[in-house]
Amino acid sequence: MTANVWGYRETSGRTAGSDLTGYKVEATDGSIGKVDKHSDDVNSAYIVVDTGPWIFGKEVLLPAGTIERIDAREEKIYVGQTKEQIKAAPEFDKDAHLGNQDYHRQVGGYYGDLSNRL
């Protein structure tokens, strides 16, 4: 993972300005849902994934640094975490957590710690 979990990796295939909404998201061990929202803000880029029935309709926020590869042709995003790692991340509430710096620090710390254990 990159030192900045809130920035896209240079090797991710991210094309600036492209809309990722609706892209399928794949963990290392299977599908986790579709992108509901995304942000390209500098030092705060992320995707919000609607997990559908996988986590009973919840959404998860994944920092852009968790994205390993984007396949625009297939409209798929591949992240470097397992389903269990994503499920164990700090719970996300769009109304309370988008733009919340404390939540971003918490999530950034969680995914930063995961990359340090690999």
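Just the protein heavy atoms count here, and of the accessible area of region 3-118 at 1.4 Å, carbon and sulfur take up 46 percent. Contact order for region 1-43, expressed relative to its length and based on alpha carbon pairs under 8 Å spaced 6+ residues apart, stands at 35 percent. Computed about its Cα centre, the charge dipole of the chain is approximately 200 debye, with only Lys, Arg, Asp and Glu carrying charge at their Cβ. Surface exposure of the chain, expressed per residue as accessible area with a 1.4 Å probe, stands at 54 Å².
The packing ranking, built from the mean of other Cβ atoms within 10 Å per residue, places the peptides 5-18, 92-105, 31-44 in the order 31-44, 5-18, 92-105, highest first.
Using C-alpha pairs under 8 Å with a sequence gap of at least 6, the mean separation divided by the residue count of the chain gives a relative contact order of 27 percent. Here the gap between Asp95 and Asp19, fully extended at 0.36 nm per residue and compared with their Cα-Cα distance, gives a gain of 25.2 nm. Note that the chain carries a Kirkwood radius of 14.0 Å, evaluated over its alpha carbons pair by pair.
The values are calculated or read from the model by the stated rules, or taken from the named source; none is laboratory data. Every value quoted in this text rests on a predicted model; they were computed, and no experiment measured them. Neighbour counts are summed over all protein chains in view; Cβ atoms, including those assigned to glycine, are modelled from backbone coordinates with ideal geometry. Surface areas here come from the heavy atoms of the whole protein model, side chains and all, with no ligands, DNA or RNA. Shrake-Rupley method; radii C 1.70, N 1.55, O 1.52, S 1.80 Å.
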